[in-house]
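What follows is a short report on a single structure.
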Amino acid sequence: MKKSRSYEHESMTTMLGARRGRLALSALVTALVSLGCSGGGDGTGGAGGTGGTGGIGGTGGTGGEGGASSSSSGGNTCAPGQDMCSGACVDLDTDPANCGTCGSACAAGEVCSQGACALNCAGGTTKCGDLCVDTNLDPANCGACDSTCAAGEVCSQGACSLTCAGGTTKCGDLCVDTNLDPANCGACDNTCAAGEVCSQGACSLTCAGGTTKCGSACVNLSNDAANCGACDNACPAGQLCNGGACALTCVGGATKCGNACVDTSNDPANCGACNTACAAGEVCSQGACSFNCAGGATKCGSACVDISNDPANCGACNTACAAGEVCSQGACSFTCAGGTMKCGGACVDPMNDPANCGACNTACAMGEVCSNGACAFTCAGGTTQCGSACVNTMNDPAHCGACGNACAAGQVCSNGACSVSCGGGTTQCGSTCVDTSSSKANCGACGNACSSSQVCAGGACACLPGQSACGASCVNLSDNSLSCGTCNTVCGANQVCAAGVCTNLVPGNGRASTTYTGSALPTVGVMYAGSTTDLQTKLQATGAFASVGFVNINTTTPTLAQMKAYDAVAVMTYLTATAAFGDNLADYYEQGGGVVLFDYESQETGTYALKGRFATQYTLSTPIADIAFLTTKVTLGTILEPGSPLLTGVATFGYQTSSPFHMPTSAFNKNNPIFVALFSDGTPAVVRGEVASGPAAGRALIEINGFGQSSAGNSYNGWDATTDGAKLIRNALIASMPLPAILTAQQLSFTSQALYAQSAPQTVTYTNPSTKPQTITALSLGGSHIGEFSVTPSSPLPATVPAGGTFTVDVRFTPAGTGLRAATLSATLSGVASKATTLLQGTGM
């Protein structure tokens, strides 16, 4: 037989008080309805006679039917927060007969809490019968279920009393906050219209002073247990709302009083201690009830507030900032000044605020203070711990010379003593004596505030050493992707600034393995004794590889080092290849490289056969003469291993060209060959094996019975280009590689994060897909911004990951500059040369 050959070329309590009041009104209406006294409806018919006032009851003996007639509620308008159900006004949040929607009744034993049937009450309320009530305010369940206040008394702070405490007002039998209660807004029985809320004692369409509209109430999402962090996000029973998050304990210097975290230094309902309420006309100042405020605070209603940063009393009492604004330096603004940071509706100093230490809502634990933006048990920088804050007793009017020593109205604190004027070269700015040569909030003059990134030096706002002024901001031009090298030079997408130059980010490889590149998407090569690159093109199109190389082994004999650039190679001859190539291929295979062999004409005796050690030791077939090759046109026939990964996505394959050469079954007689699939003529199509002994023991062997180019590259001998041949060869190359020792994510991205604020943790998971334990010996960070990412492994290193097991690492991001920031996390494994790497990236703002 002669063959043809061609040559090619990736504010709970306030809201519940209002609801309780609405429930009382609902109960009254229901009672009136049951007596037939509501509106102009029908009354109870007489026992006989003419029926008289029995309405439609008729006359004489039919008068009794008049009593059975339905009565009208007398109107269709309910109080704010209530809905009409079957003629009655009900609160769908708490009514077990109409829970969430009219007619939706809770099952026996359940209560209606937050408009949903449940076995327990949420948001700090207590289950009393089939209702969830606030025992701090409910006169029928005051302090405990069924503890009813006497006639004329109200329930205040969980105790029956003749008067209301803590700045609340007696309206009927309830103590309410007329600043927030839509049923008693500004005064008792002054009900806001539908769609309105009660804000600052006036009915309005929007909430002011940093509060949020939830239903018909304005609430503080930072401490409202029924709306914690977001409307209707109720804390579970036993938990409270602190800093907008449900927790079991209060942090940041706050104290748990009932179901709320409060500041006992200025809360008139809990002044100095829980349930210690100030009398009418008094305020809570420095934890003591008084008729006047101390320490530079201003009396607004029953509270002592700092009008320089209180969004509800900004610059003056009852001057509330609009939605989205903050109170900064006594004026409403959209941004904070003087080194303060916007947290909710307030401007706070993250350097000493225990509720926002270093970042918004980062609250210090009980017993800790906020010192220089970090929670600690002691104060630094010459400051003194007063309560949960670190203060400068030399100029703090609330702690002048000593904690709690507040200066009187009109006085300032100068050098630790209260005085009517400032001394020692300081200047009076408001109620404080400051050094205008170094004060960020009053740099050079009162009210002249430096930006958050600037410092005050010699009375002028300036940048720190190593930073440059770009407008009003100070930036490090060497690593800031928004000003890289020069101001306002912005790096492109997926670029970071390194040494003042925009540099492309490189994703991690996602794995550590015994393959050579260690890439999550492996690198493969086509080694062909010819010049046609058809197979290289087909493999690149699968998208399964980081890259596909090509070597003409007829003109070049690649060294072992050159072969190690690939995780696996597809090998076929057409012209002559040297014996040295076969020897190098065997070394490559023994050291972990994957090999897929095409039998035509690598296994043809004579000039074009594969030679060297690989041919003699590692093939599954024995070379045969050219006349022994079969020439039947074939398609994919019987599948002998239907679950084999070699056939993933493969439905068709075969040779339909004029010279479809393939080997007979008898030629596969080495290294225990296993037939994965047959051709339509019954001969093997895909064959696999496993080396039993020697340097490559346990390694996979894969041969494809035919030529490696498609019919598009060789119209005489190639596989049918319209079939799934490229997928088959892709699968074979991947299967020929050793399993990776550890797999992980190539990339982990954080959302935009405020400067110097630590993010919530994200998890990097390392998976061991191999059949033996792997040991992670070290984790390391590298790249442009390694100081801005921190890693916490789930257990100490070294850590052994069992076969099929996982190991996790928590990663946090704390940006020190604006724009894109990045680092690379690398895991080192015992006995494995490559590392598993993950690109970490986030944006500072």
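For Lys727, the aspartates and glutamates whose Cα comes closer than 16 Å to its Cα, not counting residues fewer than 8 places off in the same chain, are Asp534, Glu703.
Here is the list for the range 665-719: trypsin sites (Lys or Arg not before Pro) lying in DSSP coil, each with at most 16 other C-beta atoms within 10 angstrom of its C-beta, are Lys670.
Note on Lys213: lysines with a C-alpha under 29 Å away, same-chain residues under 8 apart excluded, are Lys127, Lys170, Lys256, Lys299, Lys342. Note on the chain: dipole from Cβ charges, positive end direction compared against Phe629, Gly708, Cys149; the farthest Cα belongs to Phe629. Each of the peptides 283-292, 710-719 was scored by the mean count of other Cβ atoms within 10 Å over its residues; in descending order, highest first, they stand as 710-719, 283-292.
Identify, among Leu781, Ala279, Ser736, the residue whose Cα sits farthest towards the positive end of the charge dipole of the chain, taking +1 on the Cβ of Lys and Arg and -1 on the Cβ of Asp and Glu, with the dipole about the Cα centre. It is Ser736, whose Cα lies furthest towards the positive end. 3J(HN,Hα) couplings calculated from phi for the range 837-843 with the Karplus curve 6.51 cos²θ - 1.76 cosθ + 1.60 (θ = phi - 60°) are, in sequence order, 10, 10, 7, 9, 8, x, 10 Hz; Gly and Pro show x. Across the range 678-718, the residues whose backbone nitrogen lies under 15 Å from the label position 7 Å along the beta-carbon direction of Arg613 are 693-697. Extension gain, Asn372 to Ser666, is 97.8 nm, computed as 0.36 nm per intervening residue step minus the present C-alpha separation.
The residues packed around Phe598, meaning those with a beta-carbon under 12 Å from its beta-carbon, carry a net charge of -4 if Lys and Arg are +1 and Asp and Glu are -1. For the range 120-270, with all protein chains in place and a probe radius of 1.4 Å, 49% of the accessible heavy-atom surface sits on carbon or sulfur. Calculated from the structure, percent of Cα pairs over 36 Å apart equals which of (i) 56; (ii) 78; (iii) 65? Correct label is (iii).
Provide the solvent-accessible area of Met341, counting protein heavy atoms only and rolling a 1.4 Å probe, rounded to the nearest 10 Å². Its heavy atoms expose roughly 40 Å² to the probe.
If you take the Cα centroid of the range 769-845 and the Cα centroid of the range 708-765, the two points sit 21 Å apart.
Heavy-atom accessible surface of Ser419, to the nearest 10 Å², is about 40 Å², with a 1.4 Å probe and all protein chains retained. Note on the range 329-437: Cα Rg divided by 2.2 N^0.38 Å, N the number of residues, gives 1.11.
Net charge in the neighbourhood of Val305 (other residues with Cβ under 12 Å of its Cβ; Lys, Arg +1, Asp, Glu -1) is -3. Positive contributions from Lys and Arg (+1) and negative ones from Asp and Glu (-1), summed over other residues with Cβ under 11 Å from the Cβ of Glu703, come out at +1.
Ligands, DNA and RNA left out, the accessible area of the range 662-707 computed with a 1.4 Å probe is 51% carbon and sulfur. The mean sequence distance of close C-alpha pairs (under 8 Å, at least 6 residues apart), as a share of the length of the range 513-585, puts its relative contact order at 41 percent. Peptides 405-411, 654-660 ordered by packing proxy, namely the average of other Cβ atoms within 10 Å per residue, highest first: 654-660, 405-411. Counting heavy atoms of the protein chains alone, His399 has an accessible area of about 30 Å² for a 1.4 Å probe.
For the range 445-473 versus the range 144-196, the inter-centroid distance based on Cα atoms is 50 Å.
Report summary: the helix-based calculation at 222 nm, which adds -39500 (n - 2.57) for every DSSP H run with n ≥ 4 and divides by the residues of the chain, gives -2500 deg cm²/dmol. For the set Lys127, Lys633, Lys538, solvent exposure ranked by accessible area (probe 1.4 Å, protein chains only) runs largest to smallest as Lys633, Lys127, Lys538. Average accessible surface for the chain: 42 Å² per residue, computed with a 1.4 Å probe over protein heavy atoms with every protein chain in place. In terms of its alpha-carbon gyration tensor, the range 726-845 comes out prolate; a/c meets the 1.5 threshold, and the first ratio a/b outweighs b/c.
The values are calculated or read from the model by the stated rules, or taken from the named source; none is laboratory data. Given the structure is predicted, the values throughout are model-derived calculations rather than measurements. No Cβ is skipped: glycine too gets one built from the backbone with ideal geometry, and neighbour counts run over all protein chains shown. In case anyone asks, the SASA skips ligands and DNA or RNA and just uses the protein heavy atoms, side chains included. Shrake-Rupley method; radii C 1.70, N 1.55, O 1.52, S 1.80 Å.
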